[in-house]
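The values are calculated or read from the model by the stated rules, or taken from the named source; none is laboratory data. It should be emphasised that the depicted structure is a prediction, and the values quoted were computed from it without experimental measurement. Neighbour counts are summed over all protein chains in view; Cβ atoms, including those assigned to glycine, are modelled from backbone coordinates with ideal geometry.
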Amino acid sequence: MDERSPLEVEIRRRITAAGPMPVGEYMALCLGDATHGYYMTRDPLGARGDFITAPEISQMFGELIGLWMAAVWKQMDAPENIRIIELGPGRGTMMKDALRAVVQVAPAFRDALAVHLIEISPVLRAQQERTLNDLTKQVLWHAALDDVPKGPAIIVANEFFDALPVNQAVKIERGWHERQIEIDSVGNLAFTVARDPLPHFEMLLPPAAREAPEQSIFEWRADTVAMDMGRRIADEGGAALVIDYGHAKSAIGETLQAVGQHAYTDPLTAPGGIDLTAHVDFQALARAVEAMGANGFAPVEQSQFLHRLGIETRAAALKAKASSRAAAADIDSALARLIGHGRTGMGMLFKVAAFAHPSVGALPGFES
Ligand code: SAH
């Protein structure tokens, strides 16, 4: 009996026909295959899903992002029309909390904005519609950032870039070779490396990585979205905020990981049924965005960013209104998860980077 997922059958068919498949292509199929991709078939978020994100942990997160956007809009001299673009909005929770927060404190900003959501998953699109339905009549969906009409924009992305396919290279005796997936001698999907080395690959590497020992792995992503973001900001005006887990400087090391139901699992089992992600290389991201003419602000830790935006004050205000001691304790534990530095805290692993048109000046949370 064949217990393979339909996507595994398809991946095997392609490997049999065309030879070993690069890791990036495998990841792209696992997440985004139109019929069987992980994001295309389910809502993976929340306590009962596979993973939980900052906006799903607490309303405070989206509220502070909303206030950040309103402040940036003012720094842009409050344009009459501003596009708020979110990449990969999940359930739409961050946008809902952000919009609710700005209605109260920045009604003029609320009147000026139109929301554009970039989402590939039909399941999550439907969920976003339900979440945002009564909040705004002005939400539009697009498949890619480049599809959003011209005009100044504020772009936000939480846990989006980690979901974009990552490529891997392995250093072996004769140089760096692209890592691929093959069908091994006993018939399982397994990692292998391309026969021929990647030409001039050292040139791509940060200097410290050029002396890496054999078997080292280096990961990189296509710059397409980062470049689209940079070009948009430089040409049309505005700013972008990127929040994700990753490293501030490009470095050697494998970070590709598979998660199912809040536990780590093997990335080669159950393709299409598990979430695959890899850390964001913020240095590479910034290089691509800045090459298009946008100003970059060096990444800060999520804990520091949320602290500068006043998360403790917001938590105290919510606690003062909490209906029970249990509700107040929930606010404390959400705060600890968002800014905590321990094993369960997101405060340090998560980084926040920002980019802006040169005319916007220093962005809130990034003042030195
Ligand atoms: N920002 C949300 C969801 C993070 S999960 C939150 O913080 O809760 C990643 C999101 O990106 C999902 O909405 C997923 O469907 C979307 N996504 C993944 N790859 C995408 C792509 N190539 N284009 C557009 N959206 C994508």
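Some notes on this structure:
- Residues that are under 30 Å from Ala354 (Cα atoms), in contact with a Pro (Cβ under 9 Å, 6 or more places away or on another chain) and within 16 Å of the ligand (Cβ to nearest atom) are absent from the stretch 168-183 altogether.
- Test result for Ala278, of a type outside the set (Asp, Glu) and touching a Gly at 6+ places or on another chain (Cβ under 8 Å): no
- Residue in the stretch 103-118 that is assigned by TED's automatic domain parsing to the domain that holds Arg232, within 15 Å of the ligand (Cβ to nearest atom) and touching a residue at least 40 places away in the same chain (Cβ under 8 Å) present: no
- Single residue of Ala298, Ala284, Ala288 found to be under 26 Å from Glu236 (Cα atoms), surrounded by fewer than 16 Cβ atoms within 10 Å (Cβ to Cβ) and within 19 Å of the chain's Cα centre (by Cα): Ala298
- The condition of being closer than 22 Å to Glu56 by Cβ and modelled with pLDDT of 95 or more holds for only one of Ala320, Ala356, Ala327, that being Ala327.
- Hits in the stretch 225-251 (condition: among the hydrophobic types (A, V, I, L, M, F, W, C) and assigned to a strand (DSSP E or B)): Ala239, Ala240, Leu241, Val242, Ile243
- Unique residue being within 23 Å of Tyr38 (Cα to Cα), surrounded by fewer than 23 Cβ atoms within 10 Å (Cβ to Cβ) and not β-branched (Val, Ile, Thr) when the list is Glu80, Glu56: Glu56
- Criterion violated by Arg210 - all others in (1) touching a residue at least 40 places away in the same chain (Cβ under 8 Å); (2) not assigned by TED's automatic domain parsing to the domain that holds Val72 satisfied: (1)
- Restricted to helices (runs of 4 or more DSSP H) entirely inside the stretch 256-368, those with at least 1 residues that are touching a helix residue (DSSP H, G or I) at 6+ places or on another chain (Cβ under 6 Å) and over 30 Å from Ala78 (Cα atoms) are 311-321, 325-339.
- Residues that are away from the ligand (no atom under 12 Å from the Cβ) and polar (S, T, N, Q) number at least 1 in the following helices (runs of 4 or more DSSP H) confined to the stretch 3-59: 6-18.
- Residue that is nearest to the ligand (Cβ to nearest atom) [pool: residues in the stretch 60-84 that are farther than 20 Å from Ile118 by Cβ, touching a residue at least 40 places away in the same chain (Cβ under 8 Å) and part of a loop (DSSP other than H, G, I, E, B)]: Met76
- Pairs are defined by a Cβ separation below 8 Å, a sequence spacing of at least 6 or placement on different chains, a first member in the stretch 42-54 that is closer than 26 Å to Ile311 by Cβ, and a second member that is in a helix (DSSP H, G or I) and more than 8 Å from the ligand (Cβ to nearest atom); the pairs so defined are Pro44/Tyr38; Ala54/Phe61; Ala54/Gln302; Ala54/Leu338.
So that you can scan it fast, the table gives a plain yes or no per residue for (1) at pLDDT 95 or above; (2) within 24 Å of the chain's Cα centre (by Cα); (3) assigned to a strand (DSSP E or B):
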{"site": "Asp134", "(1), (2), (3)": "no, no, no"}
{"site": "Lys137", "(1), (2), (3)": "no, no, no"}
{"site": "Ile154", "(1), (2), (3)": "yes, yes, yes"}
{"site": "Asp162", "(1), (2), (3)": "yes, yes, no"}
{"site": "Ala169", "(1), (2), (3)": "yes, yes, yes"}
{"site": "His177", "(1), (2), (3)": "yes, no, yes"}
{"site": "Glu182", "(1), (2), (3)": "yes, no, yes"}
{"site": "Ser185", "(1), (2), (3)": "yes, no, no"}
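- Filtered by the rule that a residue be without any contact (Cβ under 8 Å) to a residue 24 or more places away in the chain and part of a strand (DSSP E or B), the stretch 187-207 gives a lone residue, Val193.
- Pairs, first free of Cβ contacts under 8 Å to residues at least 24 places away in the same chain and over 13 Å from Leu64 (Cα atoms) in the stretch 302-330, second of a type in the set (Ser, Thr, Tyr) and not in a helix (DSSP H, G or I), C-beta under 9 Å, six or more apart: Asp330/Ser58
- Filter pass, Arg130 being of a type in the set (D, E, K, R), touching a residue at least 40 places away in the same chain (Cβ under 8 Å) and either more than 11 Å from the ligand (Cβ to nearest atom) or more than 30 Å from Ala263 (Cβ to Cβ) (or both): no
- Scanning the stretch 295-324 for residues that are in contact with an Asp or Glu (Cβ under 7 Å, 6 or more places away or on another chain) and among the small types (Gly, Ala, Ser) returns a single hit, Gly296.
- From the options Asp146, Asp97, residue that is outside any strand (DSSP E or B), assigned by TED's automatic domain parsing to the domain that holds Ala240, touching a residue at least 60 places away in the same chain (Cβ under 8 Å) and within 14 Å of the ligand (Cβ to nearest atom): Asp146
- Filtered residue count, the stretch 1-33, keeping only those that are closer than 13 Å to Gly272 by Cα and surrounded by 20 or more Cβ atoms within 10 Å (Cβ to Cβ): 8
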